1. Sorted from largest down, what three extents in whole angstroms do the Cα atoms of the stretch 27-174 have along their principal axes?
2. Label-point separation (nm) for THR156 and ILE29, each offset 7 Å from Cα along Cα-to-Cβ?
3. What does the net charge come to around ARG35 if you take all other residues with beta carbon closer than 10 Å to its beta carbon, with K and R at +1 and D and E at -1?
4. Quick one: length gained pulling ALA40 to ASP145 fully straight, 0.36 nm per residue minus the C-alpha distance?
5. Can you pull the percent of Cα pairs in the stretch 81-151 with separation above 17 Å?
6. What net charge do the residues around ALA141 carry, taking every other residue with its C-beta under 14 Å from that of ALA141, with Lys and Arg at +1 and Asp and Glu at -1?
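What follows is calculated from the coordinates using simple rules that are stated; it is not laboratory data. Owing to the predicted nature of the structure, the values given are computational and were not obtained by experimental measurement. Reconstructed Cβ throughout: ideal geometry from the backbone, glycine too, with neighbour counts over all protein chains shown.
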Amino acid sequence: MKRAALFACLFALGTPAFAEAPSATGGPITNQAERDAIAARVRAGAACANCDLFQIDLAYQSIAGRNFSGARIRQADLSIVTADRARFHGANMSLSNFFGARLSGADLTETNLEGATFVGAYLGGARFNGAVLTGANFSGAEMADAAGLTQAQLSTACGDATTTLPQGMTIPTC
C-alpha cells in the first residue's frame, strides 16, 4: 500500500499533464520573482523578445518601437498603451486587454490574440498576417488601415457597428 502511494505521488509529480508546458502557453515560463524583475526592466524602457511577461500590467505605458517578438504576454493589461511600431511577431498575447490602445504600425504577425479585447483600440497600419483572432473583441476598434487581415480571421472574432474594417470585410457582432 505504501509503495502504491509513493509510486502515485512520484508519477503525479513527474507527469507533464499536471503543469502547463511552454508549448501550451505559447512562450517561455519563468518563476514569479524572475517575471517581476523582467517587468520592472520593461517598465523602465527595455525590450523583451522571447521573455515571460505573463499578467504584466503595462496600462498607460509607452512601449512604442520595442521588440516583444516570441514573448509570453498572456492575460496582460495593455489598456491605453502606446505601442506604435512595436514588434509582437509570434508572441502569445491571448486574453490580454488592449482597451483604447494605440498600435499604429505594430507587427502582430503570427501572434496569438485569442480572446483578447481591443475595445476602442486604434490599429492603423498594424500587420495581422497569420494572427489568431479567435474570440477577440474589436468593438469600436479602428482597423480600416490594418494590413494582412483576412475574412477568415475576422469571422472568428467579433465587433460592433462602430468597428471600422478594411473595405469589403465584415465582422460578427459581439
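1. Largest first, the stretch 27-174 extends 46, 23, 21 Å along its Cα principal axes.
2. Result for the modelled spin labels: 2.3 nm.
3. Spelling it out: positives minus negatives among the neighbours equals -2.
4. Gain on stretching ALA40 to ASP145: 34.5 nm.
5. In whole percent, the long-distance tail amounts to 30.
6. -2
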